[in-house]
Amino acid sequence: MAPAVPPSRRKPITIGRSIPSSAIFRFRLFCWDERNHEGHHEVCDLIDLHSHTHFSDGTSSPEELIGDALAARLEALSITDHDTFEGYEAAVPIARAAGLKLIRGIELSTRYNGSSIHLLAYFIGQEPGQDFVSWLGQLQETRRDRNRRLIDKLRQYGVELTLEEVEQKGRSLTGRPHFARVMVEKGYVPDMETAFREYLDESARAYVERQDPQLSQSIERVRQAGGIPSLAHPVRIFRNDYGKVDALISEMIPHGLTAIEAFHSDHKPGDVSHYLEVAHRYGLAITGGSDFHGANKPRIQLGRGYAGNLAIPYQVLDDLMAAH
Ligand SMILES: [Zn+2]
Ligand SMILES: [Zn+2]
């Protein structure tokens, strides 16, 4: 949905005016004045390409998320739940009725050597293809299998939980935090922290490893399904060691990496500038989003990040569609 305001009334604002980078000047936010019964206010062509519903680890229903996107005056939204399209699918008719452009997205948990790396994927077709759907089914099965093994191991230490109990908390994304919550509720531990320290942490006695797919293989799967893979929040990889992250990006390009998430709530202005420059250097597209999780990360606002540290222009989506 392009902004309904004629171009002559829009004024361009360069994103991150304080950021001294030539790469960034490609991206301009268009804003215009709007008048209603409440008075005069500025509206901009903002989008958000990274958000979660309660079908993964967010707290909003698809209805609530669409409502938030309309309240934030977003021009486009992508729902990128972990390993599932369920939240997106449920949101499609609601977004259509509201006239909001909704982009199909997903966030995959992958690994690279010992590190856990998140990969976003966009525009996987309306019919994602049997190969991709069954691969997704395998990933969910891997997660359930890990959970079953964790239940067995906890039983050895006298902690009795059932798969049904923990899955009630976590739906398709049931993981260790949900185990911790049930352990607190059943009185095995006084708090979540103790549950992790004594049983669930990587160094704790009941820890069970998960078998996530390789990053390179996941990128290839997304491309085969007709999607655009984007490396999520690069600042969280290798403790944001720019040299190591840049090397990883260049290593993944032959596998089909097409984009990186340059705009993200956790990115400081210097990080945005750096990752825009990296994208420019390697000819990659960029993506951006707040990583909204509702009440699970209450300080992050949809479209706006932490206290308005985020402003992603519609042009990012135009460029991404052109790269598709
Ligand atoms: Zn993530
Ligand atoms: Zn996320």
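Can you confirm whether ILE151 is crowded, with 16+ Cβ neighbours inside 10 Å, more than 16 Å from ligand 2 (Cβ to nearest atom) and over 23 Å from the mean Cα position of the chain (by Cα)?
yes
Step by step: first the residues of the range 54-100, then only those that are out of contact with any strand residue (DSSP E or B) (no Cβ under 6 Å at 6 or more places or on another chain) and hydroxyl-bearing (Ser, Thr, Tyr), then the one that is surrounded by the most Cβ atoms within 10 Å (Cβ to Cβ). Which residue is that?
Here the residue is SER60.
Taking the range 234-258 as the search range and keeping residues that are buried (at least 23 other Cβ atoms within 10 Å of the Cβ) and not in a helix (DSSP H, G or I), which one is nearest to ligand 1 (Cβ to nearest atom)?
Out of the qualifying residues, it is LEU257.
Quick check on this structure: which one of GLU261, GLU251, GLU277, GLU220 is acidic (Asp, Glu) and within 16 Å of ligand 2 (Cβ to nearest atom)?
When all the criteria are applied, what remains is GLU261.
Taking into account only those residues within the range 50-90 that are polar (S, T, N, Q) and farther than 28 Å from ILE219 by Cβ, which is farthest from ligand 2 (Cβ to nearest atom)?
Ranking the candidates gives SER61 first.
What is the residue count in the range 103-149 for residues that are modelled with pLDDT of 90 or more and in a strand (DSSP E or B)?
Final tally of qualifying residues: 16.
Does at least one position in the range 197-205 carry a residue that is assigned by TED's automatic domain parsing to the domain that holds GLN156, at pLDDT 95 or above and either surrounded by 17 or more Cβ atoms within 10 Å (Cβ to Cβ) or under 21 Å from the mean Cα position of the chain (by Cα) (or both)?
Within the range 197-205, one or more residues are assigned by TED's automatic domain parsing to the domain that holds GLN156, at pLDDT 95 or above and either surrounded by 17 or more Cβ atoms within 10 Å (Cβ to Cβ) or under 21 Å from the mean Cα position of the chain (by Cα) (or both).
Take the conditions more than 21 Å from ASP83 (Cα to Cα), of a type in the set (Asp, Glu) and out of contact with any Pro (no Cβ under 8 Å at 6 or more places or on another chain) and apply them to ASP152. Does it pass?
Yes, satisfied.
Find the residue count for the range 278-296, including only residues that are more than 15 Å from ligand 1 (Cβ to nearest atom) and surrounded by fewer than 16 Cβ atoms within 10 Å (Cβ to Cβ).
Within the range 278-296, residues that are more than 15 Å from ligand 1 (Cβ to nearest atom) and surrounded by fewer than 16 Cβ atoms within 10 Å (Cβ to Cβ) number 4.
Of all residues in the range 168-192, which are among the charged types (D, E, K, R) and either outside the structural domain of ARG143 (by TED's automatic domain parsing) or modelled with pLDDT of 90 or more (or both)?
Selection gives ARG181, GLU185, LYS186, ASP191.
The values are calculated or read from the model by the stated rules, or taken from the named source; none is laboratory data. The structure displayed is predicted, hence computed values, not measured ones. As a convention, Cβ positions derive from the backbone with ideal geometry for all residues, glycine included, and neighbour counts pool all protein chains shown.
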